[in-house]
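S.K.: Next up is a structure, given as structure tokens.
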Amino acid sequence: MPSQKIKIFAINGSTRKNSSNFKILKHISENIKEEFEVEIFEELDQLPHFNPDLDQETLPEKVIQFRNKIAQADGVLICTPEYVFSLPGTLKNALEWCVSTTVFSGKKTGLITASASGEMGHEQLLLVMKTLEAKFDDASQLLIQGIRGKIDNEGKVTNPETEKALESFITNFENQFFD
């Protein structure tokens, strides 16, 4: 058993207050083993627009802080909706700030797309994270379709199949750190 808690940096891909994606991350943080410490990041909208020139010159402080949170974490969780059959622009923007780095290289990562449909957004998330060299597999990713009908206003998962899928996801994500 590790002497320090395993640090997980969880990125909420939605900028909506109390979004379904935030509720899923909160659910995971409350149901993950006590060996884990989860920090949920909800400030995607505070990152400046990606500009490769700034990446080579003076990096904005918010970007430095975001990259450092990823680098210092033992693992990363991303839970995002799908917007117009794609990733939300704010999440894509944040991930673009990481392209010129190795902060995701080999980083144990869990990926969830929770949306109305989510298929195309999930495919794009997997492709972007593969490009960033994040470490994930089929067991550490999950697509939850029709999320609004599967979670209540307080964040309780009300759909038994979704609850079971999340339990399995959590177990698989945790196991990455103990194998």
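S.K.: Efficiency by 1/(1 + (r/R0)^6): what FRET value for Thr102 and Asn153, r their Cβ-Cβ distance, R0 = 35 Å, to the nearest 0.05?
M.R.: Rounded to the nearest 0.05, the efficiency is 0.30.
S.K.: Let me ask something else. With the calculation restricted to Cα positions, what are the radius of gyration and Dmax of the chain in angstrom?
M.R.: 15.5, 50
S.K.: Next question, about the same structure. Cα centroids of the range 84-98 and the range 127-179: how far apart, whole angstrom?
M.R.: Centre-to-centre distance over Cα atoms comes out at 19 Å.
S.K.: Treating only the Cβ of Lys, Arg, Asp and Glu as charged (+1, +1, -1, -1), what charge dipole size does the chain show about its Cα centre? Round to the nearest 20 debye.
M.R.: With Lys and Arg at +1 and Asp and Glu at -1, about 200 debye.
S.K.: How high is the relative contact order of the range 96-158, in percent, with contacts defined as C-alpha pairs under 8 Å that are six or more residues apart?
M.R.: For the range 96-158, the relative contact order is 41 percent.
S.K.: For the chain, what relative contact order do you get, as a whole percent, if you take Cα pairs closer than 8 Å and at least 6 residues apart? The partial results should precede the final answer.
M.R.: Working: 293 pairs, mean separation 41.4, N = 179.
Value for the chain: 23 percent.
S.K.: Give the relative contact order (percent, whole number) for the range 1-57; include only Cα pairs under 8 Å separated by 6+ residues.
M.R.: 45 percent
S.K.: Express in % the proportion of alpha carbon pairs of the range 136-179 at distances exceeding 11 Å.
M.R.: Working: 634 of 946 pairs.
Above the 11 Å cut-off, the range 136-179 has 67 percent of its Cα pairs.
S.K.: Positive end of the charge dipole of the chain (Lys, Arg +1 and Asp, Glu -1 on Cβ, about the Cα centre): tell me which of Val103, Gly149, Leu125 has its Cα farthest that way.
M.R.: Gly149
S.K.: When ranked by the protection proxy of mean other Cβ atoms within 10 Å per residue, highest first, what sequence do the peptides 48-61, 22-35, 85-98 form?
M.R.: 85-98, 22-35, 48-61
S.K.: Past 24 Å, Cα to Cα: identify those pairs from Lys5/Lys69; Lys130/Lys156; Lys23/Lys69, in the order given.
M.R.: Working: Lys5/Lys69 15 Å; Lys130/Lys156 31 Å; Lys23/Lys69 21 Å.
Those over the limit are Lys130/Lys156.
S.K.: Straight-line reach from Lys164: which aspartates and glutamates have Cα under 19 Å away, leaving out those fewer than 8 places along the same chain?
M.R.: Partners found: Glu30, Asp137, Asp138, Asp152, Glu154, Glu174.
S.K.: Calculate what fraction, in whole %, of the accessible area of the chain sits on carbon and sulfur atoms when a 1.4 Å probe is rolled over the protein chains.
M.R.: 47 percent
S.K.: Quick one: work out the % antiparallel among DSSP beta bridges in the chain, nearest 5.
M.R.: Rounded to the nearest five, the antiparallel share is 10 percent.
S.K.: Kirkwood hydrodynamic radius (Cα pairs, Å) of the range 91-177?
M.R.: Hydrodynamic radius (Kirkwood, Cα pairs) of the range 91-177 is 14.0 Å.
The values are calculated or read from the model by the stated rules, or taken from the named source; none is laboratory data. No experiment lies behind these values; they were computed from the predicted model shown. In this analysis, Cβ positions are derived from the backbone assuming ideal geometry, glycine residues included, and neighbour counts consider all displayed protein chains. Protein only, heavy atoms only, side chains kept; ligands, DNA and RNA dropped before computing areas. Shrake-Rupley method; radii C 1.70, N 1.55, O 1.52, S 1.80 Å.
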